[in-house]
1. Can you tell me which of Ile97, Ile164 is closer than 21 Å to Ala72 by Cα, of a type outside the set (Gly, Ala, Ser) and either open to solvent by 50 Å² or more (accessible area, probe 1.4 Å) or assigned to a helix (DSSP H, G or I) (or both)?
2. Quick check: is even one residue across segment 199-211 farther than 24 Å from Ile96 by Cα and β-branched (Val, Ile, Thr)?
3. The conditions are (1) among the β-branched types (Val, Ile, Thr); (2) touching a strand residue (DSSP E or B) at 6+ places or on another chain (Cβ under 6 Å); (3) open to solvent by less than 30 Å² (accessible area, probe 1.4 Å), and Ile74 fails exactly one of them. Which is it?
4. Of (1) out of contact with any helix residue (DSSP H, G or I) (no Cβ under 9 Å at 6 or more places or on another chain); (2) surrounded by 21 or more Cβ atoms within 10 Å (Cβ to Cβ), Asp173 satisfies all except one. Which?
5. Could you check segment 100-122 and list, in sequence order, the residues that are surrounded by fewer than 18 Cβ atoms within 10 Å (Cβ to Cβ), assigned to a helix (DSSP H, G or I) and of a type outside the set (D, E, K, R)?
6. If I filter segment 216-225 for residues that are farther than 18 Å from Tyr128 by Cα, of a type in the set (Asp, Glu), open to solvent by 80 Å² or more (accessible area, probe 1.4 Å) and touching a strand residue (DSSP E or B) at 6+ places or on another chain (Cβ under 7 Å), do I get at least one hit?
7. I want to confirm something. Restricting to segment 123-144 and keeping residues that are crowded, with 18+ Cβ neighbours inside 10 Å and under 15 Å from the mean Cα position of the chain (by Cα), which single residue is nearest to Ile197 (Cα to Cα)?
Amino acid sequence: MKNKKVIAIILAAILVISVGILAACSKNGGETEPSTEPTDSTTEVKQLVMATNAEFPPYEFHEGDNIVGIDAEIAGLIAEKLGMELVIEDIEFGSIIPGVQAGKYDMGMAGMTVTDERLEEVNFSDSYATGIQAVIVKEGSDIKSIDDLADKMIGVQENTTGDIYASDDYGDDHVTKYANGALAVEALIAGKVDCVIIDNEPAKSYVAANEGLAILDTEYTVEDYAICFAKENTELQEAVNGALKELIADGSVQKIIDKYIPAE
């Protein structure tokens with residue numbers, strides 16, 4: 001009886017030792033324990049959400065289902081430098097700054113000019129391009145220069161600098177506001193307005209697409225384009241400025257601009 005008990009105790013001891021050896025092997029030389037650390041395959045890339053108004057060629061416009069143009073390509077390179085995924089949201093121009101202020105979008109990029117009024121609402125990046133406000137008229141119009149705009153009816157895209165400048169210079173009674181530049185140009189063709197004030201590059205596109213229109217030789221004003229951010233989002237502003245400086249320095253920004261605006 002005693003012998004049976006001794007044998008049972010010995011067998012139990014062997015079993016315990018065997019389990020211990022197997023556990024040690026699994027940790028040191030056999031199968032590894034599953035890691036709790038995240039792997040590259042599960043790491044999510046943070047999105048950079050850019051608000052724009054894709055009715056502003058060649059800075060942003062639709063090409064099939066995609067939004068392309070100068071701003072779209074520059075923003076894509078910025079996102080790449082920051083290790084982020086660019087997402088572009090196409091909204092009304094007048095909704096860009098309120099949306100950025102509310103945190104709905106990370107930044108606004110839409111051929112946007114830096115003005116004193118806008119600086120009260122948002123912060124801006126360094127300038128990446130220069131824009132010119134131009135005047136579109138019908139061929140044969142009696143408007144030959146900026147001096148002839150007094151008492152004329154002017155079409156503009158609402159909330160743009162063309163809208164701001166024309167309203168300040170000629171009064172709201174002489175300015176008709178449209179949701180986008182294309183509608184303003186349609187109004188000019190239909191005789192509802194005498195001219196359209198809009199950025200020079202979109203102006204060229206509209207004139208090329210519609211016979212009987214021309215752009216005045218005289219520039220209405222010259223301005224700088226920049227990217228807007230919420231006042232409190234200084235970290236992103238600084239990061240984007242850093243990336244933008246590199247892209248300007250290595251010629252990437254100018255290369256994109258030259259792609260869409262060939263030297264004349």
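The values are calculated or read from the model by the stated rules, or taken from the named source; none is laboratory data. Just so we're clear, the structure is a prediction, and the values are computed from it rather than from any experiment. With ideal geometry, Cβ positions are generated from the backbone for all residues, glycine too; neighbour counts draw on all protein chains shown. In case anyone asks, the SASA skips ligands and DNA or RNA and just uses the protein heavy atoms, side chains included. Shrake-Rupley method; radii C 1.70, N 1.55, O 1.52, S 1.80 Å.
1. The match here is Ile97.
2. Looking through segment 199-211, at least one residue is farther than 24 Å from Ile96 by Cα and β-branched (Val, Ile, Thr).
3. (2)
4. It fails just one condition, (2).
5. Within segment 100-122, just Leu119 meets the criteria.
6. The answer is yes, given that some residue of segment 216-225 is farther than 18 Å from Tyr128 by Cα, of a type in the set (Asp, Glu), open to solvent by 80 Å² or more (accessible area, probe 1.4 Å) and touching a strand residue (DSSP E or B) at 6+ places or on another chain (Cβ under 7 Å).
7. Applying the filter and picking the extreme gives Ala129.
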